[in-house]
Amino acid sequence: MDIRKLSKEEVPPIELLLLADPSEEMIMGYLQRGDCYVGELNNEIVGVYVLLPTRPGTMEIVNVAVVDEHRGKGIGKKLVSDAIRKARIGGYNAIEIGTGNSSINQLALYQKCGFRIIGIDTDFFIRNYSEEIIEFGISCRDMIRLKLDL
């Protein structure tokens with residue numbers, strides 16, 4: 001898989017980004033502040049992530065998504081590993097990521113990549129999303145914050 005940064009002229013894969021974040025408004029907001037990277041197989045986009053600086057010395061991965069038929073093949077891990085590498089090369093001290101309390105697979109992936117849970121933003125999804133999000137029969141209410149020191 002090749003991973004590359006989208007140029008400013010390219011249209012971001014909104015439908016793919018919506019798999020990880022159901023709010024197009026939120027997506028458009030962080031796309032303006034960050035860089036969008038796509039993973040391609042045979043010239044087809046199969047994964048995406050958005051990376052942006054948040055505080056001095058800290059980068060954040062704000063969206064990671066993989067096309068449904070390519071899940072379970074290690075693509076998400078490659079995308080997260082690429083983001084970590086880019087943050088290191090950029091001289092950042094830490095990289096963070098947040099996910100929903102109901103995002104069981106994502107929580108496992110991020111911890112396997114070395115991230116540690118550092119906090120919970122209680123009711124984040126209730127405050128910031130108009131429609132309820134349900135995953136695995138669990139109401140997504142809280143943002144679980146994770147961090148990896150670089």
Once all protein chains are kept in place, ILE138 shows an accessible area at probe 1.4 Å, nearest 10 Å², of 60
For GLU25, GLU40, the accessible-area ranking with a 1.4 Å probe, largest leading, is GLU25, GLU40
Sequence order, segment 58-71: Karplus ³J(HN,Hα) from phi using 6.51 cos²θ - 1.76 cosθ + 1.60, θ = phi - 60°, Hz rounded, Gly and Pro as x, gives 10, 10, 9, 8, 9, 6, 9, 9, 10, 3, 3, 6, 10, 6
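Counting trypsin sites (Lys or Arg not before Pro) as exposed when in a DSSP loop with at most 16 other beta carbons within 10 Å, what is the longest stretch of the chain free of them?
Numbers: sites that count: LYS8, ARG71, LYS73.
Maximal segment without exposed cleavage sites: 74-150.
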Rounded to the nearest 10 Å², the accessible area of SER139 using a 1.4 Å probe with every protein chain kept is 40
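So how do THR122, THR58 rank on accessible area, 1.4 Å probe, biggest first, that is with the largest at the start?
THR122, THR58
How much length, in nm to one decimal, is gained on full extension between GLN32 and LEU19, taken as 0.36 nm per residue of separation minus their Cα-Cα distance?
Full extension of this stretch gives 2.8 nm more.
Here are some pairs, LYS5/LYS86; LYS77/LYS112; LYS77/LYS147; LYS5/LYS77; LYS5/LYS73; which of them have Cα atoms lying more than 19 Å apart in this structure?
On the way: LYS5/LYS86 11 Å; LYS77/LYS112 9 Å; LYS77/LYS147 16 Å; LYS5/LYS77 17 Å; LYS5/LYS73 21 Å.
With Cα atoms farther than 19 Å apart: LYS5/LYS73.
What ranking of ILE95, ILE89 comes out by heavy-atom accessible area, probe 1.4 Å, highest first?
Numbers: ILE95 0, ILE89 125 Å².
Per-residue accessible area, sorted high to low, gives ILE89, ILE95.
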Classified through the alpha carbon gyration tensor (a ≥ b ≥ c as square roots of its eigenvalues; rounded if a/c is under 1.5, else prolate when a/b is larger than b/c, else oblate), segment 88-150 comes out prolate
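Explain nothing, just the number: dipole magnitude of the chain about its Cα centre with +1 on each Lys and Arg Cβ and -1 on each Asp and Glu Cβ, in debye rounded to the nearest 20. Walk me through the intermediate numbers first.
Values: 18 positive and 22 negative charges, 175 e Å.
The dipole magnitude comes to about 840 debye.
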Rounded to the nearest 500, the 222 nm mean residue ellipticity computed for the chain from DSSP H runs (n ≥ 4, each -39500 (n - 2.57)) alone is -8000 deg cm²/dmol
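For segment 36-102, rounded, prolate or oblate, judged on the Cα gyration tensor with a ≥ b ≥ c (square roots of eigenvalues), a/c < 1.5 rounded, else prolate if a/b > b/c? Walk me through the numbers before you get to the answer.
On the way: a/c = 2.48, a/b = 1.63, b/c = 1.53.
Cα axes put segment 36-102 in the prolate bin.
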In nm, the gap between the two label points placed 7 Å beyond Cα toward Cβ at TYR129 and VAL11 is 2.5
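The values are calculated or read from the model by the stated rules, or taken from the named source; none is laboratory data. Just so it is clear, the model here is predicted, and its values are computed rather than measured. Note that each Cβ is placed from the backbone with ideal geometry, even for glycine, and that neighbours are counted across all protein chains shown. When the accessible area is computed, the model is the full protein with side chains, heavy atoms only, and any ligands, DNA or RNA have been set aside. Shrake-Rupley method; radii C 1.70, N 1.55, O 1.52, S 1.80 Å.
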